[in-house]
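Before any comments, here is the structure.
The values are calculated or read from the model by the stated rules, or taken from the named source; none is laboratory data. Since the model is a prediction, treat every value here as computed from it, not as a measurement. Neighbour counts are summed over all protein chains in view; Cβ atoms, including those assigned to glycine, are modelled from backbone coordinates with ideal geometry.
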Amino acid sequence: MATKTSTAGRIDPGATDYGLWNRFYADHMAALDAGDVTNWSADFLPEAVFTASGLENPLRGARQIEEAAAAGHAARTKSGVRHRHLVSMLRIEPRTPTLTRATSYVLVIESRVGGGSEIYASTLCEDLLVRRDDRWRIRYRRVTRDDKPWERA
């Protein structure tokens with residue numbers, strides 16, 4: 001059974017405390033890794049957009065983001081694989097009292113139950129967060145995989 005670990009964006013609106021933001025992202029990624037995609041996706045706005053250089057098309061809306069995360073977690077569980085998202089180099093850049101940009105490196109470790117672990121992906125995660133309804137939520141996420149950079153036109 002999945003554990004509820006999301007902070008649901010409950011960070012003081014004026015917070016510049018790195019520890020609070022670090023906790024937000026630790027809880028956010030722990031929810032995803034535990035398969036608690038309902039709480040993980042609650043950190044996205046209903047109209048959020050999730051793009052990744054490994055995805056064919058952007059995911060639009062918290063519901064589509066949640067469905068994709070649930071499908072991925074189910075497929076990994078069925079094949080005996082676990083992912084752990086390790087966030088590092090977190091940089092927070094407040095733009096306004098209700099708009100913040102966050103960038104981080106996220107290393108995804110893949111482990112086989114009863115087997116070994118290896119790096120699945122090394123990524124740059126860029127978020128635009130909006131303060132709405134007394135909490136921070138992700139409006140836009142862009143994930144760039146080091147092994148699958150964005151195509152330049």
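Just for segment 85-120: of the residues that are over 22 Å from A31 (Cα atoms) and among the hydroxyl-bearing types (S, T, Y), which one is surrounded by the fewest Cβ atoms within 10 Å (Cβ to Cβ)? The residue in question is T96.
Looking only at residues of segment 26-84 that are crowded, with 16+ Cβ neighbours inside 10 Å and of a type in the set (S, T, Y), we find that the one that is farthest from P149 (Cα to Cα) is S41. For segment 1-57, taking the residues that are within 14 Å of R135 (Cα to Cα), modelled with pLDDT of 90 or more and in a loop (DSSP other than H, G, I, E, B), the one that is nearest to the chain's Cα centre (by Cα) is identified as D43.
Looking across segment 114-136 at every residue that is small (G, A, S) and under 17 Å from the mean Cα position of the chain (by Cα), the one that is farthest from T103 (Cα to Cα) is identified as A121. When residues in segment 93-120 are screened for being in contact with a Ser or Thr (Cβ under 6 Å, 6 or more places away or on another chain) and either modelled with pLDDT of 95 or more or within 14 Å of N22 (Cβ to Cβ) (or both), 6 of them pass.
Output the residues belonging to segment 31-54 that are within 17 Å of W136 (Cα to Cα) and not charged (D, E, K, R). Hits for segment 31-54 are A31, T38, N39, W40, S41, A42, F44, L45, P46, A48, V49, F50.
Cβ-Cβ distances below 8 Å connect the following pairs, each with a first residue in segment 59-70 that is at positive phi, a second residue that is acidic (D, E) and exposed (fewer than 15 other Cβ atoms within 10 Å of the Cβ), and a separation of six or more residues or different chains: G61/E47.
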